[in-house]
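Everything on this sheet refers to the single structure shown next.
Every number here is computed from the coordinates shown, using simple stated rules; none is lab data. The structure displayed is predicted, hence computed values, not measured ones. Because the Cβ atoms are built from the backbone with ideal geometry, glycine has one as well, and the counts that use them run over all protein chains shown.
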Amino acid sequence: MPKEPKNTGVKVFSFDPGRIHLLSFSQGDDLLDSLTAFARSNGVLAATITFLGSVSRADLSWYDPDAGDYRTLVREEQLEVAGGTGNISLYEGQPLVHIHAVFADSTGKTIGGHINQGTTVFAMEATVQQLTGEPPEFWGTL
């Protein structure tokens, strides 16, 4: 007989699938700003996001637990998205886009982290899977 899982403190939100949106960005677009503008103008309050393509500038951050603060890394070069994912939730009643990516340079070396404003699209497509249900308030740190 299987054991009941212990309460781990995991927050669970349940949704039904909603509309699926396919987005094609223009060269020079700010990735985070464009996704945020899409969410706000289309009333997307909860969603999952996947994206692929390339950027001409990556502005990333990662949390340094030793310093208790975020570190920023900017790369001003052509980078391929090796994997991009994220979500949309609410923050102070407005859609908040929270995305992370791994990028590869021309040698195959990778970098990754939390996407900040200033990440500039070279060629990019995204799939936004809207979720229907009570949208969660963002509770974490960026």
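Could you tell me which numbered condition D59 fails, if it satisfies all but one of (1) surrounded by 16 or more Cβ atoms within 10 Å (Cβ to Cβ); (2) within 22 Å of T132 (Cβ to Cβ); (3) in contact with a Gly (Cβ under 8 Å, 6 or more places away or on another chain)?
If we test D59 against (1) surrounded by 16 or more Cβ atoms within 10 Å (Cβ to Cβ); (2) within 22 Å of T132 (Cβ to Cβ); (3) in contact with a Gly (Cβ under 8 Å, 6 or more places away or on another chain), just (2) comes out false.
Of A82, A67, which residue is assigned to a strand (DSSP E or B) and either within 12 Å of the chain's Cα centre (by Cα) or of a type in the set (A, V, I, L, M) (or both)?
On the way: A67 fails: assigned to a strand (DSSP E or B).
When all the criteria are applied, what remains is A82.
Got at least one residue in region 117-127 being free of Cβ contacts under 8 Å to residues at least 12 places away in the same chain and more than 12 Å from the chain's Cα centre (by Cα)?
Among the residues of region 117-127, not one is free of Cβ contacts under 8 Å to residues at least 12 places away in the same chain and more than 12 Å from the chain's Cα centre (by Cα), which makes the answer no.
Among the residues of region 87-126, which ones are of a type in the set (V, I, T) and out of contact with any Leu (no Cβ under 6 Å at 6 or more places or on another chain)?
Of everything in region 87-126, those that are of a type in the set (V, I, T) and out of contact with any Leu (no Cβ under 6 Å at 6 or more places or on another chain) turn out to be I88, I99, V102, T107, T110, I111, T120.
Can you tell me which residues in region 65-118 are basic (K, R) and either touching a strand residue (DSSP E or B) at 6+ places or on another chain (Cβ under 6 Å) or under 19 Å from A46 (Cβ atoms) (or both)?
Listed by number, the residues that qualify are R71, R75.
For region 37-54, enumerate the residues that are under 16 Å from V121 (Cβ atoms), buried (at least 19 other Cβ atoms within 10 Å of the Cβ) and of a type outside the set (F, W, Y).
I49
Give just the number: which of (1) among the polar types (S, T, N, Q); (2) outside any strand (DSSP E or B); (3) over 17 Å from the mean Cα position of the chain (by Cα) does S56 not satisfy?
Looking at each condition in turn, S56 falls short on (2).
Being among the β-branched types (V, I, T), outside any strand (DSSP E or B) and touching a Gly at 6+ places or on another chain (Cβ under 9 Å) is the filter here; which residues of region 24-53 pass it?
Scanning region 24-53 gives a single hit, V44.
Would you be able to tell me the number of residues in region 99-125 that are under 18 Å from G86 (Cβ atoms) and either of a type in the set (D, E) or part of a strand (DSSP E or B) (or both)?
15
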